[in-house]
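The next block holds one structure in the form of structure tokens; read it before the comments.
Read-outs throughout are calculated quantities, based only on the coordinates presented, and are distinct from any laboratory measurement. Keep in mind it's a predicted model, so treat the numbers as computed, not measured. Neighbour counts are summed over all protein chains in view; Cβ atoms, including those assigned to glycine, are modelled from backbone coordinates with ideal geometry.
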Amino acid sequence: MVDGTADTQELWPQLLQVVKERMRFAWILLSQNASVLFYDGTTLTLNMFSRGAYDTLISSDCRIVLDEVLAELVNPPPAVELLVQGKIPSPPGPEDSTHVHAPGAASATDTSPEPDEPLTSILHRILAQTAFLLYEDGNSQAAALLADVEDLEHFPGDRPEEGEDIALIVPLYLVGRFTPEVLAAIQPLFVHVAARHDLLVDNVSAIPALPETGDEWRQNLQEKLINKTPPSQGPGLCVKETAATLSADGFAFHSQEQLLVYEALKRAQAQLPQDSTIAVFPLPRGRLGSGRAWVPDFIVTASGRVGAIEVGDPHPHEHVAADAALDRSWRSSGIAHIERILLKGFSADREVDAVVRQFLTRLREHH
């Protein structure tokens with residue numbers, strides 16, 4: 001336990017390390033948005049670099065974590081005084097917007113927007129910076145999803161002290177991929193980045209982009225209904241027609257059958273030695289050598305070979321030729337083995353496990 005007379009250089013780094021182990025978002029907020037101005041053993045004075053960072057700290061569990069860690073490290077724990085850019089923050093008034101600019105000189109790390117900068121521009125910059133932070137933190141899946149966000153909408157809170165609700169506007173077929181696990185990874189970083197732009201955000205969600213329509217929308221829709229034109233899933237994408245509604249381990253799935261195969265692949269993976277295992281990629285997006293984009297149910301790598309699994313009911317007879325043409329295109333693009341798994345009538349995990357083992361055997365033995 002740190003003595004009450006310990007200097008700032010000893011206390012602050014140790015405090016940040018413990019906070020990092022306790023709550024990563026609190027560590028990001030404090031390490032990048034705060035510095036110690038004064039510490040005499042009884043009072044710890046922190047300088048917040050922006051009003052947004054201050055509001056985020058006092059309105060979230062980050063402040064609770066800070067107090068708990070101080071109580072563990074210092075006996076007796078010091079009182080915490082918070083300043084914003086070196087000055088005592090005033091309580092928010094009715095005239096305050098979500099962009100609250102504290103008086104005084106801005107610090108080198110201040111990212112406050114220019115007074116006349118449109119909110120839309122600020123939100124898109126927050127989106128971009130959040131995506132890069134996710135990528136740098138190793139979460140490529142969430143970063144890639146943010147790259148597909150077409151726009152953002154904001155909904156102010158009912159009271160001045162409440163933050164904005166941010167809606168990520170994405171194509172309909174991608175909404176299901178923003179699973180609770182994915183949003184749980186995105187939201188803390190988005191809130192953190194927004195705070196550094198003096199924007200208080202409470203919640204982040206994903207909603208579908210509205211279709212483009214015109215004055216003749218009724219006629220266009222009737223033609224699609226008559227011709228049974230499939231819904232648009234993005235330019236050139238061969239994807240599933242329904243939005244993903246199931247999730248596991250942060251991955252989204254369109255059907256229970258896909259989830260069953262995923263769990264079977266995980267079981268197979270767990271039984272293999274670490275130096276000779278498999279990699280599983282659910283619903284990855286890729287571009288084939290033919291120029292066609294493709295979203296298979298699974299890509300699996302094993303023993304230096306790449307295989308694909310498609311899950312579902314048998315295709316109608318008229319689709320067999322098209323499937324064969326696609327198979328040739330996939331093989332020409334380096335997919336060694338393609339297998340369509342039909343799970344209709346399967347009632348036990350062992351049956352799915354047997355099919356997956358057979359697929360892996362064929363993949364390893366493929367020449």
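Observations, loosely collected:
- Peptides 17-29, 34-46 ordered by packing proxy, namely the average of other Cβ atoms within 10 Å per residue, highest first: 17-29, 34-46.
- Each distinct pair of alpha carbons in the stretch 165-207 adds a 1/r term; the inverse of their mean, the Kirkwood radius, is 10.8 Å.
- Inter-part distance, the stretch 262-313 to the stretch 186-212, computed on C-alpha centroids, equals 32 Å.
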